[in-house]
Structures are given as C-alpha cells and as structure tokens.
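The values are calculated or read from the model by the stated rules, or taken from the named source; none is laboratory data. The structure displayed is predicted, hence computed values, not measured ones. Here the Cβ positions follow ideal geometry from the backbone for every residue, glycine too, while neighbour counts run over all protein chains shown.
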Amino acid sequence: MKKINYALIISTVLLLASGCTLRYTPDIYNVNKAPVVTKTHQATLTQVGKAITSAGVGLGWSMQEVRPGYIVATLNLRAHQAKVGITYTTQTYNINYISSNNLMRNGEIHQNYNSWVQNLNTAIKHQLEII
C-alpha cells in the first residue's frame, strides 16, 4: 500500500512539474475544414456566420465580419492578444492564426493560445448544432 501511495505522489509531482515547464509549444493550433453540422437542416451562409459570431462573443472574443464568409476574431486577456481568421461556407469552416501579442517566445506559442482556439472551436460546433 505504501508503494502505491509513494508512486502516486511521485507521479503527481512529476505531472505538476512538467505542466509548469511546458508553457510554450512550437505547434500553433489551427482548425481546417471542420464540418458545419446542424440539428435539422442545411444552414445558410448567414446562419453559419451568426453561429460563429455568437460562439466567439460568448467566450469574450471580439468578432468582426470582414465580408460574408470571413470573420476576424480577437481575444484580449490582460496583456495578451490573440487574433484569428475564420473562413466559412455552408459546408466547412477554418480557424487560422493571424497574430498575437505577448504570446510568442523564441518562435513558440503559449499553450493558452491553443486552448483558447480549441474552446472557440468547441463553442462554434455547439452553436452550429442548435441551428
């Protein structure tokens, strides 16, 4: 029993320590050709745009429709800023990195950026499903 407790404690400490040191990653999370899935019917381009905008606003992103089929989303948190471009059709959407402030170091992106984009993607999927 003691061996299990020690192993659990050591594993937990190592996991926490590794989480503290891995704050930056060379991989920028983008979403490519995510399907537009709705509850009942084929969505219009306007409906897809509204769902994307609603998802972003709900998470604190500033959403600017540049033109039908293209939204620039900006998230400002404390001294950090992330900006992504969201292209969309009635069939698919993409979320791609545009720029950031105080999130890059030595060519690597802070892992919070990837989490923010993943959360945005999840929220978009949810908003599309209720159309």
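Take the conditions polar (S, T, N, Q) and part of a strand (DSSP E or B) and apply them to ASN94. Does it pass? So that I can check it myself, show each step before the final result.
Details: polar (S, T, N, Q): yes; part of a strand (DSSP E or B): yes.
Judged against the criteria, ASN94 is a match.
Got at least one residue in the stretch 115-129 being over 21 Å from ALA34 (Cβ atoms), without any contact (Cβ under 8 Å) to a residue 24 or more places away in the chain and surrounded by fewer than 16 Cβ atoms within 10 Å (Cβ to Cβ)? Before the answer, list the steps.
Residues of the stretch 115-129 over 21 Å from ALA34 (Cβ atoms): none.
No.
Counting the residues of the stretch 25-69 that are at pLDDT 95 or above, under 16 Å from the mean Cα position of the chain (by Cα) and part of a strand (DSSP E or B) gives 7.
Please go through the stretch 31-64 and give me each residue that is exposed (fewer than 15 other Cβ atoms within 10 Å of the Cβ) and more than 29 Å from GLN111 (Cβ to Cβ), ordered by number. Listed by number, the residues that qualify are LYS39, THR40, HIS41, GLN42, THR44, LEU45, THR46. Under the condition of being out of contact with any helix residue (DSSP H, G or I) (no Cβ under 6 Å at 6 or more places or on another chain) and surrounded by 14 or more Cβ atoms within 10 Å (Cβ to Cβ), the residues counted in the stretch 101-111 number 5.
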